[in-house]
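K.L.:
Sending over a structure as structure tokens; questions will come in a sec.
The values are calculated or read from the model by the stated rules, or taken from the named source; none is laboratory data. Keep in mind that this is a model prediction, so the values were computed, not measured. All Cβ positions, glycine included, derive from the backbone under ideal geometry; neighbour counts span all protein chains shown.
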Amino acid sequence: MNTTIVSRKARPEDVEALFELIQGYAEKGIMLPRSRVALLRHIDSFVVVEDAGKLIGCGSLFRLGSDLVEIRSLGMSEGYKGMGIGSRIVDALIDEARRMNIPKVMALTYEVKFFLKNGFSVVDKEIFPEKVWTDCVHCSKRNNCDEIAVVRILE
Ligand SMILES: CC(C)(COP(=O)(O)OP(=O)(O)OC[C@H]1O[C@@H](n2cnc3c(N)ncnc32)[C@H](O)[C@@H]1OP(=O)(O)O)[C@@H](O)C(=O)NCCC(=O)NCCS
């Protein structure tokens, strides 16, 4: 990987760049929008990647239950896809889940091939009542959700 590309925990000053990256995907319907206030409140849950100081990718971990976390807001800027950076963010989030002692990491996604490559398996969404009853019930797609649930069980 290019040496100008580094990953790190997000900081409050990343909020604006995070907002713009996530909002671009939210407008295409492939990510849930996150307000600046919500990003600031949950900034510690984000990992970001930057290229020579410019934020080019992000991902976050959200606790759904005592043994389950969700990967959220995972995205790369255009021009930086397919370079292994998304996989690197997933690795960092998995390390974080291990540190938290949480054995199950899930995501709802359209990028199934990417998650399979990163050690996840496709499962039925209904096995995650924590997700269905906290987020899905408020989602406009709840009756015709076409996202695929994936999970990785940590050793
Ligand atoms: C999904 C995403 C985060 C993957 O990040 P990435 O840095 O492109 O992924 P990596 O380079 O680590 O892995 C690429 C692999 O994923 C797949 N892939 C999915 N979308 C791809 C794309 N647009 N370009 C290249 N590879 C892509 C390929 O199969 C590739 O596998 P290979 O290395 O065996 O060829 C990124 O494509 C993205 O931002 N997508 C839009 C937002 C999104 O859908 N996020 C997921 C929300 S859960």
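K.L.:
Residue by residue through the range 31-67, note down the ones that are small (G, A, S), surrounded by 18 or more Cβ atoms within 10 Å (Cβ to Cβ) and out of contact with any Lys or Arg (no Cβ under 7 Å at 6 or more places or on another chain).
P.N.:
Those that are small (G, A, S), surrounded by 18 or more Cβ atoms within 10 Å (Cβ to Cβ) and out of contact with any Lys or Arg (no Cβ under 7 Å at 6 or more places or on another chain): S45, G57, G59.
K.L.:
Residues in the range 81-104: is at least one hydroxyl-bearing (S, T, Y), in a strand (DSSP E or B) and modelled with pLDDT of 95 or more?
P.N.:
no
Per-residue answers, yes or no, for (1) hydrophobic (A, V, I, L, M, F, W, C); (2) surrounded by 12 or more Cβ atoms within 10 Å (Cβ to Cβ); (3) within 16 Å of the chain's Cα centre (by Cα):
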residue	(1), (2), (3)
E96	no, yes, yes
P103	no, yes, no
D135	no, yes, yes
H138	no, no, no
E147	no, yes, yes
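K.L.:
If only one of E70, E27 is within 13 Å of the ligand (Cβ to nearest atom) and surrounded by fewer than 14 Cβ atoms within 10 Å (Cβ to Cβ), which one is it?
P.N.:
After applying the criteria, what remains is E27.
K.L.:
Also, I was wondering about something else. Test F114 against the criterion of being surrounded by fewer than 19 Cβ atoms within 10 Å (Cβ to Cβ), outside any helix (DSSP H, G or I), of a type outside the set (V, I, T) and touching a helix residue (DSSP H, G or I) at 6+ places or on another chain (Cβ under 8 Å), and give yes or no.
P.N.:
No, not satisfied.
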